[in-house]
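J.: Here it is, the structure in full.
What follows draws every value from the coordinates through simple rules; no lab data is involved. Given the structure is predicted, the values throughout are model-derived calculations rather than measurements. Because the Cβ atoms are built from the backbone with ideal geometry, glycine has one as well, and the counts that use them run over all protein chains shown.
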Amino acid sequence: MIKYLIPIIALFQKDFKSEIRTRYALNALVMFVITTISIILFAIAYETPPYEILAGILWIIIFFSAMSGMARTFISEEEKNTVMTLHIITTPITVYFGKLLFNLVLLVVINCFSTVLYILLMPNFSIKSPDIFIITLILGTIGLASTSTIIAAIIAKSNTKGTLYPVLSFPILLPLLLEVIKTTKLALEGEYFQKAIPDFQVMIAYFIVITTSSYLLFDYIWKD
Amino acid sequence: MIYKIMLGIGLTIIIIAGLSLPMVEIPKFWYEMPIVPGLGDKARIIFFHVPTAWVSVIAFISSLYFGIKYLRTKEFVNDIKSSTAASLGFLFCILATLTGAIWAKFSWGTYWNWDPRQTSIFILLLIYGAYFTLRSSIENEEKKATLSAVYSIIAGLTVPFFIFIMPRIVSSLHPDPIVNPQAKIHMNPTMLTIFLISLLAFTGVYLWIFILKIRVLNLILHHKMKEHE
């Protein structure tokens, strides 16, 4: 286990360090979230939107910020011509899980930021069941990271990289998005924890299915 | 030749029988069909709408199957088969969506109301759309084949989620004469026979177009290979 873990951590550190140095993704994402939320605030003015819409908007922000941030995970390797190096020094599995870990950390940071901002600024967005909301956020972030990693690997080899990313991700992320929007609504309504358990099971199943299939299929994408 | 004649006869039988046989309260003669409660003559769409949806599912699964086969063997024929099945599946999916929407207009009052069935077929259309967008954006043939196969596998794995999730979010108004909780078929032998001929004939049309397209694409492939030599 440790034998597999060390190179994954090393790859994660490499990405993490280069992100800390340039802060390319982080800066862009923070600005993206701030801009989006302010546009929504201007648009709704003094209205108090219903729970369905509030839950939907939150996940639209998270979905599109993930789409603009995660796209570069593999494209940056192609642009810097470091793909060959990675081919030589590591196995495809290491690359996949290293990138997944990095995307997960980036998404956790950005989702925490956007959720806190959303809670502070949005009228009527008060969470009555924090337990449901926190688990929704965790499971949603994990699922989003697993799907966006494998799709990022696919689009890195295509010609129209950036525009293709949300197009390919959306049909695959839809089951997850429908579930998280539903449980966010439950959290806003103050439902009991038991009521959200079946949805959490679906989210966990989704994460396991996507990660396992990515693990099996990543070889084909990575090798030229 | 005999295949085409059989198909022609089969489709003629469906069109004539499906549209003209009387629907009565209690069928007495062999040519009478029972009235489906709440649907009346609108139930006749079952002979045209359900087969198209059925074919689009078959096409989707066979596209997935040939995609997996391509990844295992790396033979180009399998990629051709996979993409052809997907393009035909897309065509039949559009047909199913349109016939369903027309039926919904007369049964539910609107062409589109985000019924779970409509949502799931919409997602199927989205997946096909994304698949073809991906294919058109990669120039290298080998890469195109591999990546689109991988994408169709991942997309195919999410489809079961819709089957289990969608009915729990909203209840469907879609009639279920074939698959329902009681596992009963609300059709008399006449209706069932026409329905099964219809399924068979539509699958036959799909296979016919599929084989024709494969032959054409194979010829193009051979021609290209000869040019290279």
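J.: For a quick check of your reading of the filter: which chymotrypsin sites (Phe, Trp or Tyr not before Pro) in the range A:1-100 sit in a DSSP loop and have no more than 14 other Cβ atoms within 10 Å?
T.: A:TYR46
J.: How many Å³ per residue does the convex hull of the Cα positions in the range A:136-224 occupy?
T.: Each residue corresponds to 82 Å³ of Cα convex hull volume.
J.: Let me ask something else about it. Provide, for q = 0.08, 0.10 Å⁻¹, the log10 of I(q)/I(0) from a solvent-free Debye sum over equal Cα point scatterers in chain B.
T.: These q points yield log10 I(q)/I(0) values of -0.37, -0.56.
J.: Now, a different point. Between the DSSP loop rule and a limit of at most 13 other Cβ atoms within 10 Å, which GluC sites (Glu not before Pro) in the range B:66-153 are left?
T.: B:GLU75, B:GLU139
J.: Under 23 Å Cα to Cα from A:LYS185, which lysines show up? Leave out anything in the same chain fewer than 8 places away.
T.: A:LYS128, A:LYS195
J.: Now, a different point. Which GluC sites (Glu not before Pro) from the range A:1-65 combine a DSSP loop assignment with at most 10 other Cβ atoms within 10 Å?
T.: A:GLU47
J.: Once you put a point 7 Å from the Cα of A:LEU120 and another 7 Å from the Cα of A:ILE34, both along the Cβ direction, what distance in nm separates them?
T.: So the two model labels end up 1.1 nm from each other.
J.: Treating cross-link reach as a plain straight distance, find the aspartates and glutamates whose alpha-carbon is under 13 Å from the alpha-carbon of A:LYS14, omitting any fewer than eight places away in the same chain.
T.: Cα-Cα hits under 13 Å: A:GLU77.
J.: A further question follows. Below 15 angstrom from the Cβ of A:SER129, what's the summed charge of the other residues (Lys, Arg +1; Asp, Glu -1)?
T.: Values: positive: A:LYS128, A:LYS182, A:LYS185, A:LYS195; negative: A:ASP131, A:GLU189, A:GLU191, A:ASP199.
Here the count lands on 0.
J.: What range in chain B is the longest one free of chymotrypsin sites (Phe, Trp or Tyr not before Pro) that are in a loop by DSSP and have at most 12 other Cβ atoms within 10 angstrom?
T.: After excluding every exposed loop site, the longest remaining stretch is B:115-229.
J.: What is the diffusion coefficient of the range A:1-48 in µm²/s, taking the Kirkwood radius over Cα pairs and the Stokes-Einstein relation at 4 °C with a viscosity of 1.567 mPa s?
T.: 95 µm²/s
J.: Rg/Rh for the range A:2-223: what does it come to with C-alpha atoms and Rh from Kirkwood?
T.: With Rg and the Kirkwood Rh in hand, the quotient comes to 0.99.
J.: Here's something else I'd like to know. Dividing the alpha-carbon radius of gyration of the protein assembly as shown by 2.2 N^0.38 Å (N being the number of residues), what value is obtained? Please report the intermediate quantities before stating the final value.
T.: On the way: Rg = 25.3 Å, N = 453, 2.2 N^0.38 = 22.5 Å.
For the protein assembly as shown, the normalised Cα radius of gyration is 1.13.
J.: Describe numerically, in nm with one decimal, the distance between label points set 7 Å from Cα along Cα→Cβ at B:GLU139 and at B:LYS105.
T.: Result: 4.5 nm between the two label points.
J.: Follow-up question, since we're still on this one. Name the helices (complete DSSP H segments) of chain A with a Cα length along the long axis of 18 Å or more and a Kyte-Doolittle mean of at least 0.5, or state none. Present the calculation step by step, with values, prior to reporting the outcome.
T.: Values: long enough: A:2-22 (30 Å, 0.30); A:24-44 (30 Å, 2.30); A:51-70 (28 Å, 1.75); A:92-121 (43 Å, 1.94); A:130-155 (36 Å, 1.92); A:161-189 (39 Å, 0.97); A:197-222 (36 Å, 1.18).
In chain A, the long hydrophobic H runs are A:24-44, A:51-70, A:92-121, A:130-155, A:161-189, A:197-222.
J.: Mind checking which of A:ILE44, A:ILE60, A:ILE75 has the largest fluctuation in a GNM of chain A, springs on alpha carbons under 10 Å?
T.: Of the options given, A:ILE44 has the highest mean-square fluctuation.
J.: Further, regarding this structure: Using only Cα atoms, what Kirkwood radius does the range B:1-126 have, in angstroms? Before the final figure, lay out each step's value.
T.: On the way: mean 1/r = 0.0589 Å⁻¹.
When all Cα pairs of the range B:1-126 are included, the Kirkwood radius is 17.0 Å.
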